[in-house]
Ligand SMILES: [Zn+2]
């Protein structure tokens, strides 16, 4: 199944939060992925200046979610304790796991921690008014989903709890797994956080761009407005 790669932005009059950071052209080339454009360039196009974004929530540390961290020079990064522990712990270098991350990305985040720019969460927390993170695990040890209060009601950015709608709607686990029972629990947890299937946003499903309208006509196929 073809996959899309997303970053998300939650914007209110008071706060701007970016959720995940994508990856850069060099990593895309090395991994054989098609790199359409840098996510920070796209953020600029919708009025979000990455140089000034104060909060970046990292759903997990896989390569396709935490490249480009240096392009958010003012940000504090929100991550689950379990995720940072895993990728700096005893199993991170095992064959099944190590190809899922770019070592330099993890090192970069470790450096940010020593600069006081990582905010750790253990479990569920409202990190800003209307923005909750929830530790779900399964796909990665410290994967977190993000629930955002919007004018349309709460939307749940499931990230890689569900690469595709079919994963969560049909209880079909994705093949990259840290803890399989935990992945089933993550399906249930995200479903319990959402008010309807339409309020769940999967991490990599091209259907997202069809189920939600383009943010602007000139951004068709590039930016969808979820709420
Ligand atoms: Zn992913």
(request) Calculate the spin-label point distance for residue 111 paired with residue 124, positioning each point 7 Å from the Cα along the beta-carbon direction, and give it in nanometres. (result) 3.7
(request) Give the calculated FRET efficiency between residue 85 and residue 185 to the nearest 0.05, with a Förster radius of 22 Å applied to their Cβ-Cβ distance. (result) 0.70
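Could you grab the relative contact order for the chain? Cα pairs under 8 Å, six or more apart, rounded to a whole percent.
The value is 15 percent.
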(message) Just to compare against my own numbers: the Cα pair-distance distribution for segment 1-66, 10 Å bins, whole % per bin, please.
(response) 19, 51, 25, 4
(request) Determine, for each peptide in 86-92, 112-118, 54-60, the mean count of other beta carbons within 10 angstrom over its residues, then list the peptides with the highest first. (result) 54-60, 86-92, 112-118
(request) Pull out a ≥ b ≥ c, the square roots of the eigenvalues of the alpha-carbon gyration tensor of segment 110-156, then state rounded if a/c is under 1.5, prolate if not and a/b is larger than b/c, and oblate in the remaining case. (result) oblate
(message) Could you order the peptides 130-137, 202-209 from most to least packed, using the average number of other C-beta atoms within 10 Å per residue?
(response) 130-137, 202-209
(request) Quick one: order 217, 40 by neighbouring beta-carbon count within 10 Å, fewest to most. (result) 217, 40
(message) Just to be sure I understand: if I project the alpha-carbon convex hull of segment 26-154 onto a plane and average over all orientations, what area do I get in nm²?
(response) 8.9
(request) Determine the distance separating the Cα centre of segment 78-96 from the Cα centre of segment 123-174; give it in Å without decimals. (result) 19
(request) State, to one decimal in nm, how far the label point of residue 211 lies from the label point of residue 33, with both points 7 Å from Cα in the Cβ direction. (result) 2.1
(message) Springs between alpha-carbon pairs under 10 angstrom, Gaussian network model over the chain: which of 153, 182, 22 fluctuates most?
(response) 153
(request) Go ahead and estimate [θ] at 222 nm for the chain from helices alone: -39,500 (n - 2.57) per DSSP H run with n ≥ 4, summed, over the residue count, rounded to 500. (result) -7000 deg cm²/dmol
(message) Can you tell me, using C-alpha contacts under 8 Å and at least 6 residues apart, the relative contact order of segment 158-204 as a whole percent?
(response) 59
(request) Just need log10 I(q)/I(0) for the chain at q = 0.10, 0.11, 0.18 Å⁻¹, Debye formula, equal scatterers on the alpha-carbon atoms, no solvent, rounded to two decimals. (result) -0.40, -0.49, -1.56
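Read-outs throughout are calculated quantities, based only on the coordinates presented, and are distinct from any laboratory measurement. Since the structure is predicted, the reported quantities are computational estimates derived from the model, not experimental observations. Positions of Cβ are generated from backbone atoms using ideal geometry, with glycine treated the same way; all protein chains shown enter the neighbour counts.
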